[in-house]
Amino acid sequence: MDSEELNPVRWVGSSLKDLKSFPPEVKAEVGHALYAAQQGNTDPAAKPLKGFGVSVMEIAAPFDGNTWRAVYTVRFRGFVYVLHAFQKKSKSGIATPRRDIDLIHQRLAAAERDYKERQNEHEDQEKNR
């Protein structure tokens, strides 16, 4: 797939602003994984997020004793939606905190609404040709 065929990235909520606050090394790792997703591939750093099925992926990037995470979905054909980007602060266990899971659910619903709106706009444009 050449660069003109990359699936566009859509940022949901504060995910872009949050990602921009990450250390440069972490941003590079997340960017590489998102680029792979845009190409229709899965970066080795990306794993399915438990409880969401195989189309919601989590990138966990350890750096300087901390873990940074970004969550995206390829559930909606032709787009990569970045749902959440955060630093995992819990010191006990590897599970994603409940508040982050709830936010991911909310943003996944927002991504679905956005995708449906885009599909409807596209269909309306096709009808008017």
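The values are calculated or read from the model by the stated rules, or taken from the named source; none is laboratory data. Values in this document were obtained by computation on a predicted structure and should not be read as measured data. In this analysis, Cβ positions are derived from the backbone assuming ideal geometry, glycine residues included, and neighbour counts consider all displayed protein chains. Side chains are part of the model used for accessible areas, which takes the heavy atoms of the whole protein and leaves out ligands, DNA and RNA. Shrake-Rupley method; radii C 1.70, N 1.55, O 1.52, S 1.80 Å.
For segment 23-73, take the convex hull of the Cα atoms, compute a quarter of its surface area, and give me that in nm², please.
So the Cα hull casts an average projection of 3.4 nm².
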Original post:
What is the helix-to-structure angle for 98-127, meaning the angle in degrees between its Cα long axis and the longest Cα principal axis of the chain, kept from 0 to 90 and rounded to the nearest 10?
Top reply: 20
**OP:** State the percentage of accessible surface on the chain attributable to carbon and sulfur atoms; use a 1.4 Å probe and exclude ligands, DNA and RNA.
**Re:** 50
**OP:** Using only alpha carbon positions, build the gyration tensor of the chain, then give the equivalent ellipsoid semi-axes as the square roots of 5 times its eigenvalues, largest first, whole angstrom.
**Re:** 28, 17, 12
Original post:
Among 94-105, 34-45, what's the highest-first ranking by average C-beta atoms within 10 angstrom per residue?
Top reply: 34-45, 94-105
Original post:
Which pairs, out of K47/K116; K20/K50; K47/K127; K50/K127, put more than 30 Å between their alpha-carbon atoms?
Top reply: K47/K127; K50/K127
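Can you list the trypsin sites (Lys or Arg not before Pro) in segment 1-82 that are in a DSSP coil and have 15 or fewer other beta carbons within 10 angstrom?
Those satisfying the criteria are K50, R77.
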Original post:
Say the dipole of segment 1-122 comes from +1 at the beta carbon of Lys and Arg and -1 at that of Asp and Glu; which of A60, N41, N7 then lies farthest toward its positive end?
Top reply: A60
